[in-house]
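**Student:** Let me begin by handing over the structure; questions about it come next.
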Amino acid sequence: MSRILNHRMRSSLRRPSSWSCVDKRAVAFSVWTGRSVLLHKPLDSYQIPRRRYGMLIARAVRGVLKIRYLLLGGAVGGGMTLNKKYVEWKDGLPEMGWLNDLLPDNEQWDKFTTTLLDAKEKIGDQFQIDPRLREAGAVRAAELREWLAQRYEDAVAAAAVKNATSSIEPAPKIVNNLQSRPAPMSAKSNADETAAYERRVHALQEEVLSLQARYQRELQRLEQENRELRQQNMLLRQGRQPSTKKMKRSLIDMYSSVLDELADWDSGEAGRLPRVVVVGDQSAGKTSVLEMLAQARIFPRGAGEMCTRAPVKVTLSEGPYHVAQFNDSSREFDLNKEADLADLRKEVELRMRNSVRGGRTVSNQQIAMSVKGPGIPRMVLVDLPGVISTQTVDMASDTREAIKEMTKQYMDNPNAIILCIQDGSVDAERSNVTDLVSSCDPSGKRTIFVLTKVDLAEENLANPNRIRRILEGKLFPMKALGYYAVVTGRSRKDDSIQSIREYEERFFRSSKLFKDGMVAAGQVTTRNLALGVAECFWRMVRDSVEQQADAFKAMRFNLESEWKNTFPRQRELDRDELFERARAELLDKSAELSGVPAAAWEARLQKALWAAAAQRIFAGIYLPAAANASEDVDKFNTSVDIKLREWAENELATLSIQAGRQALREEFSELMSKSSDSDAIYEPVKKAAVDEALSRHQWEERAQDVLRVLQVNALQDRCVASRGEWDSAVSLMEDALKERLKSTEEDLKSLAGPGFRERWLYWQSSSEEQNRRSEVKSELERLGSSRPNLSYDEVVAVRDNLRRRGVDTDNEYIRETWKPIYLKQFLQRALSRARDCRKSFYLYTQQNGTGKECCEVVMFWRVQSALRTTANALRQQIGNREAGRLDRELREVLDEMSSDADMKKKLLSGRRVELAEELKRVRHVQEKLEEFIEALNKEK
């Protein structure tokens, strides 16, 4: 249209005579959009210009060229911006030109490598050590050999002189590099020579003791410096690591975690990894030895009574701080503080007492803890209760055997290192543990013998040679890898580990056992014991851990093969994962309760309410009122009003709450059954959780008061408002009567036996009692009475008639048989009245609700109205509060079940669960073993 106007105006400029006419027509056409008002004549064809398609092509080409310019401009602008950003980033880089002054250039590097190659060719195999340097080294080595030989010969001479003085026989000739001894010429010269040699021996012993003392002090100083350097090194290493990273676990901690995984394993491969088992008689010093190894007094003391009542697994490892921690707790006890030490001892004692509840004296429940500190040897020890020979009256009857069985169980591990602790202050014949150790390790390949309280033994024993025989393995009937003698204190509770160690070193430095050569230097002190046990422990770990890893790998392969063949299309879910899946499904279904439609809730609630109230309505209200006022309608209504109000005020509210809970249970059960993809293995968990939650669920207390008011008001209304409500009440009455009539007929059939049809078609027979009841029933039906209770004359008449027919009965038997017969007749008459009342609503409305006809229908309408009101109120309570409370209780039940391992094991059982559990544990242990082996190989 705009083109037409444009060309018309241009043409009008060329033809002035047609300007006014075209202008008027165009205005009229543009205003009314096609409906011409002023334009009475159509336009001529020459006045409409033809479209020029050439201009359209030109315009399209121009648009394409515009796009090219836009793209070109954007590329240029973006390149300039990128170049600017690159220059800014380049200017922000730090200056690295100073490296050019430090690093050699290509020419210098080539010159250096060429020089090295030329030097190698020139030197070749002609390189020789300076003769003067070689001569000086040979002289120094000869001096060292001479000094060692001299010390060795002096020691041999001292031992020979000692043997000579202890016997009366003349001493043999001894060749000494320091002094030659001539042959004795007389008794006096022999005595003088012997005295001189004794003085020489004592001087040599004093020199050796002083050297050893200096060595011990220097060793102690170096150990302290090493401990401090290790602590600083660990702190520096930890400080260099970012705080967000997880600290690398030590080798012994990794090994201890593997042992924790195998603590309660039932397989034959379990428990075969090495550990140090500390065994011994009661009060032999096992705990004291363990404390010396841990360098802290970490265990409680008992005055003559049993202290260790359960196995205590202690993992010793290095660390920057001297701390202790239980495996199931996050608290760290600072072992340098006396307050933390006291708390640690109390915690150990508390855990031991908790493990022996129920009248037991010892327990198999293991207490696991770790001790870290600078310089502590890395190993895993298990402290066991001491073996006893006599039970006291305050012990359980099986204490002695329980301790032996527990000790034997730990020692039967073929890779366990047995640290046998023997009290040196008592007679060897009183030992109970040596026979037990020799029975578990006859060859002594993994036993280390430790003799404690050597200071008391030296003081009490008249013959020190007995200790020498013990440490040589010649007194006890057992073998061992090594024998050690230690002193673990002076029976003082307040002594620190450092004071005990100093006392131990002073004792062995001045001990007759050491001076007389009965004990070697490597067999004394807890320091040497710790080094020997740690070396044996890690040697056995390296020898056995590969075999254990291979055993678990084979076990894993067998379990995976069984799973693939037995459960090919199912995931390997263990007990915890299955429980979490069941929990998720339960909570999802619980959330769907709020989405149930109101109509469905009310229908279910009305059904539940009627099922709960039907018996009470018939037996307590309707039948008594109808029986007492069978002909008097006013009396029937009065009785119904009284009984309905009494029922509403006393029972109906409580009954409604029970029906609401039942409806809630049924709805929840239906929601559970609707999930078609649910696994059947979850069903025991779901059912148990729902039952427990519903049993805990208590309806809100004030809900009963609200329901009671609504129900009393609903039952007081007598006016049926509509035909639909009337028909609904009649249907309720008919259904209730039919159900009751059917139940009554079944009761009569069970009393009187099968009828003629059942006897002939289904070959059913009656018992003697049923035949008797049948005769009484037939006679009562012929009587034709319509009263609920028979009169005396009627009973006598029936009894006489039965006697004439040969049936002997009493009056009570007849009255008892009459009750179901009368109830059947009454229900049949009431059902007939209900059918007649279905068409009586018009008559009821004409009488404005005051008519006496069909008063039974009005009673059922009142009950139905009260139940409908109750169902509506219950539905609101469920939607607003009770569904949420049930969901919270369900969550609480699930939380409790998740922490109860026995409950989960009971609800989730079967080969599928057990196989998945075992497969998960085997994989976990194998992964830990492989991780430990990798770290162990790196440490090598």
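**Student:** Across the range 864-940, what fraction of all alpha-carbon pairs, as a whole percent, falls in each successive 10 Å bin from zero upward?
**Tutor:** Going from the shortest bin to the longest, the percentages are 14, 19, 18, 17, 14, 8, 5, 3, 1.
**Student:** Which distance in nm do the two modelled labels at Glu349 and Glu739 give, with both placed 7 Å along the Cα-to-Cβ direction?
**Tutor:** 6.9
**Student:** Here is a further query. Assuming 0.36 nm per residue, please report the length gained on full extension of the stretch Val356 to Lys553 beyond their Cα-Cα distance.
**Tutor:** 67.2 nm
**Student:** Can you give the extra length, in nm with one decimal, that the chain gains between Glu261 and Asn872 once fully stretched, where that is 0.36 nm per residue apart less the Cα-Cα distance?
**Tutor:** So the chain would gain 214.2 nm between Glu261 and Asn872.
**Student:** Still on this structure, please answer the following. Evaluate the relative contact order of the range 722-848 (contact order divided by residue number), counting alpha-carbon pairs under 8 angstrom at least 6 apart; express in whole percent.
**Tutor:** Value for the range 722-848: 34 percent.
**Student:** Now, a different point. Would you mind checking which residues have amide H under 5 Å from Ala368's amide H? H placed 1.01 Å from N; only 5 or more apart, or other chain.
**Tutor:** Lys313, Asn327
**Student:** Can you list residues whose amide H is under 5 Å from Val524's amide H, if they're 5+ apart or on another chain and H is modeled 1.01 Å from N?
**Tutor:** When sequence neighbours closer than 5 places are left aside, the close amide H contacts are Ala485.
**Student:** Based on the Cβ-Cβ distance of Arg645 and Ala619, what FRET efficiency does E = 1/(1 + (r/R0)^6) give at R0 = 30 Å, to the nearest 0.05?
**Tutor:** Efficiency, from the Cβ-Cβ distance: 0.95.
**Student:** Residue by residue through the range 755-767, what is 3J(HN,Hα) from phi via Karplus (6.51 cos²θ - 1.76 cosθ + 1.60, θ = phi - 60°)? Round to whole Hz and write x for glycine and proline.
**Tutor:** Rounded to whole hertz, the list is x, 4, 5, 5, 5, 8, 8, 10, 6, 9, 10, 9, 7.
**Student:** Further question: What does the extension gain come out to for Thr392 and Val712, with contour length at 0.36 nm per residue minus their alpha carbon separation? Can you show the working numbers first?
**Tutor:** Numbers: separation 320, 0.36 × 320 = 115.20 nm, distance 7.34 nm.
Gain on extension, Thr392 to Val712, equals 107.9 nm.
**Student:** How high is the relative contact order of the range 595-670, given as a whole-number percent (alpha carbon pairs under 8 Å, six or more residues apart)? Walk me through the numbers before you get to the answer.
**Tutor:** On the way: 32 pairs, mean separation 32.0, N = 76.
Worked out over the range 595-670, it gives 42 percent.
**Student:** Let me ask something additional. With r defined as the distance between the Cβ atoms of Glu592 and Tyr762 and R0 fixed at 45 Å, what FRET efficiency is calculated, to the nearest 0.05?
**Tutor:** On the way: r = 47 Å, r/R0 = 1.05.
With R0 = 45 Å, the Cβ-Cβ based efficiency is 0.45.
**Student:** Moving on to the next point. On the full set of protein chains, 1.4 Å probe, figure out the accessible area of Asp412 and give it in Å² to the nearest 10.
**Tutor:** 80
**Student:** On to the next question. Please compute the modelled spin-label separation between Val87 and Ser510, points set 7 Å along Cα→Cβ, answer in nm with one decimal.
**Tutor:** That separation, rounded to one decimal, is 8.9 nm.
**Student:** OK, next. How large is the dipole of the range 275-524 about the Cα centre if only Lys and Arg carry +1 and Asp and Glu carry -1, each at its Cβ, rounded to the nearest 20 debye?
**Tutor:** Charge dipole of the range 275-524: 300 debye, to the nearest 20.
**Student:** Also, I was wondering about something else. In whole percent, and with a 1.4 Å probe on the protein chains, what portion of the accessible area of the range 722-848 is carbon and sulfur?
**Tutor:** Heavy-atom surface of the range 722-848 belonging to carbon and sulfur, 1.4 Å probe: 47 percent.
**Student:** Continuing with the same structure: For the range 275-524, just say rounded, prolate or oblate: build the C-alpha gyration tensor, square-root its eigenvalues into a ≥ b ≥ c, call rounded for a/c under 1.5, and beyond that prolate if a/b exceeds b/c, oblate if not.
**Tutor:** Because a/c hits 1.5 or more and a/b fails to exceed b/c, the range 275-524 counts as oblate.
**Student:** Taking the Cβ of Ala797 as the centre, find all other residues whose Cβ is under 12 Å away and add up their charges (Lys, Arg: +1; Asp, Glu: -1).
**Tutor:** Its environment carries a net charge of 0.
**Student:** Which of the residue pairs Lys564/Lys906; Lys749/Lys839; Lys553/Lys686 have a Cα-Cα distance greater than 32 Å in the structure shown?
**Tutor:** Working: Lys564/Lys906 25 Å; Lys749/Lys839 34 Å; Lys553/Lys686 36 Å.
Long pairs (Cα-Cα over 32 Å): Lys749/Lys839; Lys553/Lys686.
**Student:** Shape call for the range 351-437 from the C-alpha gyration tensor, a ≥ b ≥ c root eigenvalues: rounded (a/c under 1.5), prolate (a/b greater than b/c) or oblate?
**Tutor:** Details: a/c = 1.80, a/b = 1.19, b/c = 1.51.
Oblate, since a/c reaches 1.5 and b/c is not below a/b.
**Student:** Still on this structure, I have one more. Describe numerically, in nm with one decimal, the distance between label points set 7 Å from Cα along Cα→Cβ at Arg803 and at Ala520.
**Tutor:** Rounded to a tenth, the inter-label distance reads 11.8 nm.
**Student:** Can you classify the range 722-848 as rounded, prolate or oblate using the Cα gyration tensor, where a ≥ b ≥ c are the square roots of its eigenvalues, rounded means a/c under 1.5, and otherwise it's prolate if a/b beats b/c and oblate if not?
**Tutor:** Note, shape of the range 722-848 comes out oblate.
**Student:** What is the dipole size for the range 693-740, taken about its Cα centre, with +1 at each Lys and Arg Cβ and -1 at each Asp and Glu Cβ, in debye to the nearest 20?
**Tutor:** That gives the range 693-740 a dipole magnitude of about 100 debye.
**Student:** Then there is this: Charges only on Cβ, +1 for Lys and Arg, -1 for Asp and Glu: so what's the dipole of the range 722-848 about the Cα centre, in debye to the nearest 20? Walk me through the numbers before you get to the answer.
**Tutor:** Working: 24 positive and 22 negative charges, 87 e Å.
With only Lys, Arg, Asp and Glu charged at Cβ, the dipole is about 420 debye.
**Student:** Which order do the peptides 899-910, 477-488 take when ranked by the mean count of other beta-carbon atoms within 10 Å per residue, highest first?
**Tutor:** Put in order of decreasing packing, that is 477-488, 899-910.
**Student:** For an R0 of 60 angstrom, estimate the FRET efficiency from the Cβ-Cβ distance between Lys687 and Arg62 and round to the nearest 0.05.
**Tutor:** The value I calculate is 0.15.
**Student:** Now for a different question. Please list 564-571, 872-879, 643-650 highest first by mean number of surrounding beta-carbon atoms within 10 Å per residue.
**Tutor:** Descending mean neighbour count gives 872-879, 643-650, 564-571.
**Student:** Give me a comma-separated list of calculated 3J(HN,Hα) values for the range 600-606, in order, Karplus coefficients 6.51, -1.76, 1.60 applied at θ = phi - 60°, integers in Hz, x for any Gly or Pro.
**Tutor:** Whole-Hz 3J(HN,Hα) from phi for the range 600-606: 5, 4, 5, 4, 5, 5, 5.
**Student:** Would you please put 695-708, 572-585 in order of how densely packed they are, using the mean number of other Cβ atoms within 10 angstrom per residue and starting with the highest?
**Tutor:** Ranked from most to least packed, the peptides come out as 572-585, 695-708.
The values are calculated or read from the model by the stated rules, or taken from the named source; none is laboratory data. None of the values given here were measured: they were computed from a predicted structure. Every residue, glycine among them, receives a Cβ derived from its backbone with ideal geometry; neighbour counts consider all protein chains shown. Keep in mind that these areas ignore ligands, DNA and RNA; they rest on the heavy atoms of the full protein, side chains included. Shrake-Rupley method; radii C 1.70, N 1.55, O 1.52, S 1.80 Å.
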